[in-house]
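Participant: Have a look at this one.
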Amino acid sequence: MFAVTALGHQGWLVGTDAAPQSVALGEHEALITTEGSTDRGLVHAVYLAELPGFGTTEIKLASPPISAALIPEVDRGFVAQSHPEGRITFIELASGQPHTITGFELSARVVQDD
C-alpha cells in the first residue's frame with residue numbers, strides 16, 4: 001500500500017499486492033514499483049500515478065523491478081528489471097501503455113566506431 005498526495009490537495013491510499021520498492025516522481029506523474037511474495041506467488045508491478053488528478057494505473061511486470069525513471073520530454077517512463085538477458089519496460093505516460101524489451105545485456109560492452 002502507498003499514499004499519493006500533493007500540497008493543497010487531499011490524498012488517497014492505493015492498495016497493492018506487494019510492498020513499494022522505488023518511486024520516480026515528476027511534475028505531472030509518478031511511477032511506483034512494487035515487488036513481493038503473496039499466497040499467489042511472486043508479484044511484480046509498476047503503478048503510474050497521475051498528479052494532481054490522483055488516478056493510478058497498475059502495470060504488471062514479468063520480472064522484479066530494479067529502478068524506475070521518467071523522461072517527460074518524450075512522454076515516457078521506464079522500469080529496468082532483473083532478468084538474465086536484460087529487460088526494460090517503457091511506459092507511455094499519457095496512456096499507460098507498456099512496451100517491454102527483453103534480450104539484451106545491460107552490462108554489455110559499448111563499441112564506438114571511430
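Participant: For A69, indicate whether it is part of a strand (DSSP E or B), surrounded by fewer than 17 Cβ atoms within 10 Å (Cβ to Cβ) and modelled with pLDDT of 90 or more.
Facilitator: On the way: part of a strand (DSSP E or B): yes; surrounded by fewer than 17 Cβ atoms within 10 Å (Cβ to Cβ): yes; modelled with pLDDT of 90 or more: yes.
When the stated conditions are applied, A69 passes them.
Participant: Please give the strands (runs of 3 or more DSSP E) falling wholly within segment 6-61 in which 2 or more residues are modelled with pLDDT of 85 or more and in contact with a strand residue (DSSP E or B) (Cβ under 8 Å, 6 or more places away or on another chain). Quick ask: steps written out before the conclusion?
Facilitator: Numbers: elements: 12-14, 19-25, 29-38, 41-50, 56-60.
In segment 6-61, the matching strands (runs of 3 or more DSSP E) lie at 19-25, 29-38, 41-50, 56-60.
Participant: Where residues in segment 67-92 are in contact (Cβ under 8 Å) with a residue 24 or more places away in the chain and hydrophobic (A, V, I, L, M, F, W, C), which of them is farthest from G41 (Cα to Cα)?
Facilitator: In the first step, residues of segment 67-92 are kept if they are in contact (Cβ under 8 Å) with a residue 24 or more places away in the chain; the result is 67-70, 72, 77, 79-81, 87, 89, 91.
Now restrict to residues that are hydrophobic (A, V, I, L, M, F, W, C): 68-70, 79-80, 91.
On the way: A68: 23, A69: 26, L70: 29, V79: 21, A80: 21, I91: 24 Å.
The qualifying residue farthest from G41 (Cα to Cα) is L70.
The values are calculated or read from the model by the stated rules, or taken from the named source; none is laboratory data. Quick caveat: nothing in here was measured; it's all calculated off a predicted structure. A quick note on method: Cβ atoms are made from the backbone with ideal geometry, for glycine too, and the neighbour counts reach across all protein chains shown.
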